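A quick write-up on the structure given underneath.
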C-alpha cells in the first residue's frame, strides 16, 4: 500500500470519528447578554465515543483588532491553568474541565464584552470549536438633583436628572407643572435631563419626578423629586374666643407661611407695653385673665426668613359686658328680615281677611236693620194716617154735639169764663198735648221728615198742613213749652197765659189759613203735608 493510500485511510477514519463526537452545549454558535458586576456563565460541553478522549480544553477571547488571546487551559493530566491576566477573573465551572468545559467570569466588566471561543482537542479525532458572542449591559445608575429657586427669578432650571448605563438609558419627567425639558448624552455614556420653568411660590412642593428607561428594566424607574421655591413669609393674626369684657380663654395666633418656614415670631403692642396678664407663647398671645376694656388696642406680630420679613397688625376691640342674650336671629340679620317679612305678609293677609269678613257681616247687619226700620216706619205712617182720620172724625162729632169750636177743636174763646173749669181743662189739654207731642217726636225722629222749614220759632199756631192730628200735637207741644216760659216770666197766673195763647192761636190761624165758603182752608205751602180723611197723603 502506498503512502497516499495510507494517508487517505487515516483521513477517512478521522472524519468518521468526528461525526461520532458532538457539542451538547451550546449546540451552535450563540449570542449572550450579561450585566456589569455580575457573574457570567459561558457554556461549553463536548461528548466523545468510548475509544475517544478529550485531551485539552482552551478558551480564547478575541481582541478588538481581531487577534485572539488565551484565557485559560484545562489539561486532562495537569488540570486547569489560567493566563496571568485572568487568574482572578475566570475559572472553570467543573473540577474536570475536559468533561464539562463551561467557563465562569466572576465579576463581569464592560471590557468583557467580546467574542469567546471554546476549543476542544481530542485524541485521535482532533480539534473542535464553538463561539459565543457576549454583550455586557450596564444597568443604569441614576440620580436627580433639585435646584433651589427663588420667587421672582427668571426662567431657569428647576431640577437635573443624570443616568449612566449601557446601552445608554432614556430620561423623561413626570409633572403637571408647565415647563420645558432638555436631554443630552455625553461621550462617556452619561445621559442628563434638565427641566426649566419660571419659579412661583405656588409651585413649591409640586411633583417633578424623573423617569429612567432601559432595556434591562421591566419598566421605568421613578426618581421622586419636588420643586423647591423660596419666597418671603406671610403673616395673619387669627383671633379666638369671645372678645367681651369678663370673658376668659381669649388668645391671638400669628399664622405664618413662607419658604423656608419662619420660626422667629415677635409680638408687640402699638403705643405701649402689654397689659398685665398677657403672655407670649411662641406664635400665640394668651390673655391669662378675664378681659377688660383696657386690653383693647393694636397688636402686631412680626416674622422673617432668608427671603425677607413681614408684620401683621390686629385691631382689638373689647365690648362692654351685657346680660343680653344674643339670639341666632340677632346674629343673622338677614334671617331676621326674612322672618319679619314673612310674618308681616301673614299678618296682612289675616287682617285683610278679618276686615273683609267684618265688612261683609256689617253690611248684612245694616241691610237687615234698614229693612226693619223701613218696615217699622211704614207701619207708623199707616198708623198715623189712621189716627189722623180718627181725630178728624172725633173733632167733627164734638162740633156737631157741642156747638161752635175753634179751628183746633177747642171751645170758642168767647165761652163764659169759669176759673175752676178753665184750669182743669187747661191741665187736661196740656197732658193730652204732651202725650201727642211725644208720639209725633218719635215719629219725626224715625222718619227724618221736616214739618215746615219756613216757620218761625215764635209762631204759636201750627201751619195749615198740620192743623190736626199728630203734627198738630207736635206744634201744640212746642207752643205749650213757650207758654211755660211765658208763665215763668209772667207771674199773673193761668188766666194771663190763656189770653196770651188765644192771641197767638188767632195770629197763627190768620197766617196759615184762609176762610172759604164759610170755613177755614190752609194756605198754599210747598212743605206742608196734608192728610186726607181717607189716609191718603198728598
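Give the peptides 136-148, 359-371 in descending order of average Cβ contacts within 10 Å, highest first. Provide the component values of the computation, followed by the final result.
Details: 136-148: 17.2, 359-371: 10.0.
Averaged packing, sorted descending, gives the order 136-148, 359-371.
Bins of 5 Å, beginning at zero and ending with the bin holding the largest distance: percent of Cα pairs per bin for the range 147-226, please.
Whole-percent P(r) values from 0 Å outward: 3, 15, 26, 22, 16, 10, 6, 2, 0.
From the P(r) of the range 12-137, could you give the percentage of C-alpha pairs in the tail past 26 Å?
On the way: 1539 of 7875 pairs.
When all Cα pairs of the range 12-137 are counted, 20 percent exceed 26 Å.
In 5 Å bins starting at 0, how do the alpha-carbon pair distances of the range 230-316 split up by percent?
3, 15, 25, 23, 15, 9, 6, 3, 0
Report the label-to-label distance for residue 187 and residue 75 in nanometres (one decimal), using points 7 Å from each Cα along the Cα→Cβ vector.
4.7 nm
Among 345-357, 256-268, 24-36, how do they line up by average Cβ neighbours within 10 Å per residue, starting with the highest? Each step should come with its number before you reach the end.
Numbers: 345-357: 10.0, 256-268: 16.6, 24-36: 13.3.
Put in order of decreasing packing, that is 256-268, 24-36, 345-357.
Within 10 Å, count the other beta carbons around each residue, average over each peptide in 74-87, 185-198, and list them highest first.
By packing density, highest mean first, the sequence is 185-198, 74-87.
Say R0 is 45 Å: what FRET efficiency, to the nearest 0.05, do residue 357 and residue 430 get from their beta-carbon distance? Write down the numbers at each step before the final one.
Details: r = 54 Å, r/R0 = 1.19.
According to the calculation, E is roughly 0.25.
Residue separation times 0.36 nm, minus the C-alpha to C-alpha distance between residue 371 and residue 22: what's the value?
Full extension of this stretch gives 111.2 nm more.
Values in this text are rule-based calculations from the coordinates and carry no lab data. Quick caveat, the model's predicted, so the values are computed rather than measured. Don't worry about glycine lacking a Cβ; one is built from the backbone with ideal geometry, like all the others, and counts go over all protein chains shown.
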